[in-house]
1. Out of (1) exposed (fewer than 13 other Cβ atoms within 10 Å of the Cβ); (2) out of contact with any Phe, Trp or Tyr (no Cβ under 6 Å at 6 or more places or on another chain), the odd one out for Q55 is which?
2. Looking only at the stretch 34-42, decide whether some residue is polar (S, T, N, Q), at pLDDT below 90 and closer than 15 Å to L62 by Cα.
3. T21 is checked against (1) out of contact with any strand residue (DSSP E or B) (no Cβ under 6 Å at 6 or more places or on another chain); (2) of a type in the set (S, T, Y); (3) touching a residue at least 40 places away in the same chain (Cβ under 8 Å) and fails just one. What number does that condition carry?
4. Which of the residues that make up the stretch 8-44 are open to solvent by 40 Å² or more (accessible area, probe 1.4 Å) and closer than 18 Å to L67 by Cβ?
5. Show the residue pairs meeting these rules: Cβ distance below 8 Å; 6+ apart or different chains; first residue within the stretch 54-68 and touching a residue at least 24 places away in the same chain (Cβ under 8 Å); second residue polar (S, T, N, Q) and assigned to a strand (DSSP E or B).
6. Of the conditions (1) surrounded by 12 or more Cβ atoms within 10 Å (Cβ to Cβ); (2) free of Cβ contacts under 8 Å to residues at least 24 places away in the same chain; (3) small (G, A, S), S4 clears all except one; give me its number.
Amino acid sequence: MYPSFYARGIATNNQSDIIGTNPQNYCVHIIGHVGQFIRFISSTEFLFKAPYYVQVWSEDELYVGCLLYT
């Protein structure tokens, strides 16, 4: 079971997939253009903390901006 989805940053890629950050669960969700689940990226996989912003650059390069807590 996947954690609840608390969306903050949302973007789309060239295939019209929806990419959303979830800072409360330290992950990024990728959902297909018709609503099917594609991928769940956890913070342990790519070592980010509290992903807050997402942007897709040319050639579907993904940028994830994070909040850092002190």
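1. (2)
2. Within the stretch 34-42, the first condition is being polar (S, T, N, Q), and the residues that meet it are 36, 42.
Now narrow it down to the ones that are at pLDDT below 90: 42.
If we keep only those that are closer than 15 Å to L62 by Cα as well, we get 42.
Yes, the stretch 34-42 contains a residue that is polar (S, T, N, Q), at pLDDT below 90 and closer than 15 Å to L62 by Cα.
3. (1)
4. Initially, the stretch 8-44 is screened for residues open to solvent by 40 Å² or more (accessible area, probe 1.4 Å), giving 8, 10, 12, 14-16, 18, 24-26, 31, 33-40, 44.
Across the stretch 8-44, the qualifying residues are R8, I10, Q24, N25, Y26, T44.
5. Here the result reads V54/T21; V56/T12; L62/Q55; V64/T21; G65/Q55, each pair linking the stretch 54-68 to a residue that is polar (S, T, N, Q) and assigned to a strand (DSSP E or B).
6. Condition not satisfied by S4: (1).
The values are calculated or read from the model by the stated rules, or taken from the named source; none is laboratory data. As the structure is a computational prediction, the values presented were derived from the model and not from experiment. Here the Cβ is made from the backbone with ideal geometry for all residues, glycine too, and neighbour counts use every protein chain on show. The accessibility values were calculated without ligands, DNA or RNA, using every heavy atom of the protein model including side chains. Shrake-Rupley method; radii C 1.70, N 1.55, O 1.52, S 1.80 Å.
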